[in-house]
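Read the figures in this text as sums done on the coordinates, not as results from a lab. Here the structure is a predicted model, which means the values were calculated and not measured.
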Amino acid sequence: MRFHFGDRLRLAWRSLFVQIFWNYRAMQGEGFLFALLPFLRRVESDPEKQENLIRLSSGFMNAHPCLAPLALGAMLRRMAGEQELDEHEWQPWREGLCGPLGTLGDTLIWDGLKPLVFVLATIVLLLLGTAQSLLLFSFVVLLLYNMPVWGLRLWELKEGWNRGREVLQALDKSFFKQARTWSDRIGAVLFGVLLGTSFAESTLFAPVAMGQFVFGCLLLWGCMAARWPLISSLVVAVGFVPFSAWLAQLFHLGGW
């Protein structure tokens, strides 16, 4: 079986739905089957063997949705390349992928990419300040989040197909090891830009703006002292700016 770019694109699309059948018994198991089903018919034409592959594809599985393609590519490669799959080895191997793919996905996507995209889009929203800015905000979020995620999904499918059983070796790439460090650095820079933009665009009295700044810094320090991730701490501190502005308007502390 050949695995062309068109196949990767199709499987990447189907991988978006790995959680549609989520349940407590198999977690994402049925979703993985849904993603792989059209390819299983190409791997095996014999109905009895097809049924066996379907059963193997629908067992327990629970990975981060954005890193699921890495597991899908590896599973498909093993099914296409191995004459007989050892059922007693197959499921423990699958379950062994869950922890690394789940932990890395949380760090890379939930704690890294999502907050960065939100902060950057918020800067755009504050700078424009027009009726159309909310629409542009939505477009920036959609574009900046999905472009790297789709590129990552296609790369994962290629790596999973190439590595098969040894798919976790792909996580040794320096990119994954440095991603958290760089997301923290970029997040700190963007937070500084957002803070400056917030003050520049603010129409509150200077004492109120100074209070925002001081309390935001204290809030950030408190989150970091509690050993929160840097990005999460920055998001909390940044979220205080519009919230405090709303309170100021509510209690008539400043003019608009």
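List the lysines whose alpha-carbon lies under 23 Å from that of Lys177, not counting same-chain residues fewer than 8 positions away?
Straight-distance partners of Lys177: Lys114, Lys158.
Using a ≥ b ≥ c from the Cα gyration tensor of region 155-195 (square roots of the eigenvalues), is it rounded, prolate or oblate, where a/c under 1.5 gives rounded and otherwise the larger of a/b and b/c decides, a/b for prolate? Please report the intermediate quantities before stating the final value.
Working: a/c = 6.59, a/b = 3.35, b/c = 1.97.
Verdict is prolate for region 155-195.
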